[in-house]
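A short worksheet on the structure shown next.
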Amino acid sequence: MKFYEKKILPYLIDSFCSSSPTTKQRQKIIPKARGDILEVGLGSGLNLQFYNPSKVNKIWGLEPSIEMQALAKKAQTQTKLKVNFLTMPAEALALEANSIDTIVLTYVLCTIPDVEKALLQMYRVLKPEGRILFSEHGLAPDKNVQCMQNVMNPLWKKVSGGCHLNRNIPLLLKNAAFQLQEDNRMYIPGFRFAAYNFWGIATK
């Protein structure tokens, strides 16, 4: 299993998450990031090309997987951005309270083991006037799709690096005391069990 997780899974995730529909979702939110930025789940660095360098002061890229970090470092060389890589889990953020202007979340809340604890850490490090920019997949509104998500979820987690198909992203943000300022939802092209997207802006 370690061979799969280290040698195969990073490339599968990179391929799946770089599809045209997900790329369009990233383009909707990433250019809005500004100031001192924390990207949780930097992955292979797919968002880096969409940041506006004139708005960026510093980027902290949190990615626990060394293999994914290696891919992200290659992507970084194609930009003018400087990224400070963090290897700790999101549940144990080693950043000062009220130090981040923008937190970026793209297709990562599905994979964090203790997502509630991680969101509390994000709330802690976000400045009072800071924002979360998010684009995530999760629980679909249609009962038949929900049923498919619930049935597939145990196996899906095993082969996709811990990805949950059925997390209610807006509810998770609200439960962590964030306020949704923009809350957009729709199916994007792809397998319906993994294609219901939430994107928008949340604040303290």
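Read the figures in this text as sums done on the coordinates, not as results from a lab. Bear in mind the structure is a predicted one, so any value in this text is a computation, not a measurement. Here the Cβ is made from the backbone with ideal geometry for all residues, glycine too, and neighbour counts use every protein chain on show.
Is there any pair linking a residue in the range 63-78 that is in contact (Cβ under 8 Å) with a residue 40 or more places away in the chain to one that is in a loop (DSSP other than H, G, I, E, B) and among the hydrophobic types (A, V, I, L, M, F, W, C), with Cβ under 9 Å and at least six apart or on different chains, and which?
Listed pairs, sorted by first residue: MET68/LEU42.
Can you tell me how many residues within the range 160-186 are farther than 15 Å from ASN197 by Cβ and among the charged types (D, E, K, R)?
The total comes to 1.
Hey, can you tell me all the residues within the range 128-157 that are of a type outside the set (A, V, I, L, M) and within 19 Å of the chain's Cα centre (by Cα)?
Within the range 128-157, GLY130, ARG131, PHE134, SER135, GLU136, HIS137, GLY138, ASN153, TRP156, LYS157 meet the criteria.
Residues that are crowded, with 20+ Cβ neighbours inside 10 Å, among the aromatic types (Phe, Trp, Tyr) and either outside any strand (DSSP E or B) or without any contact (Cβ under 8 Å) to a residue 60 or more places away in the chain (or both): does the range 48-61 have at least one?
Yes.
Just the residues that are in a helix (DSSP H, G or I) and of a type in the set (D, E, K, R), please, taken from the range 66-92.
Within the range 66-92, GLU67, LYS73, LYS74, GLU91 meet the criteria.
Looking for whichever is under 25 Å from PHE198 (Cα atoms) and in contact with a Cys (Cβ under 7 Å, 6 or more places away or on another chain) here; the options are LEU46, LEU93. Which one fits?
LEU46
Tally the residues that are of a type in the set (Phe, Trp, Tyr), assigned to a loop (DSSP other than H, G, I, E, B) and touching a helix residue (DSSP H, G or I) at 6+ places or on another chain (Cβ under 9 Å), restricting the search to the range 133-191.
Adding up the residues that qualify gives 1.
Give the residue that is farthest from the chain's Cα centre (by Cα), with candidates limited to residues of the range 20-47 that are crowded, with 17+ Cβ neighbours inside 10 Å and among the β-branched types (Val, Ile, Thr).
So the residue we want is ILE37.
Have a look at LYS157, LYS174 and point out the one that is over 18 Å from THR102 (Cα atoms) and of a type in the set (Lys, Arg).
Going through LYS157, LYS174 in turn, just one is over 18 Å from THR102 (Cα atoms) and of a type in the set (Lys, Arg): LYS157.
Do we find that ILE66 is of a type outside the set (Lys, Arg) and crowded, with 18+ Cβ neighbours inside 10 Å in this structure?
no
Any chance the range 47-70 includes a residue that's of a type in the set (Lys, Arg) and touching a Ser or Thr at 6+ places or on another chain (Cβ under 7 Å)?
There is no residue in the range 47-70 that is of a type in the set (Lys, Arg) and touching a Ser or Thr at 6+ places or on another chain (Cβ under 7 Å).
Restricted to the range 78-133, and to residues that are farther than 26 Å from ILE13 by Cα and of a type in the set (Val, Ile, Thr), which residue is surrounded by the fewest Cβ atoms within 10 Å (Cβ to Cβ)?
Here the answer is VAL125.
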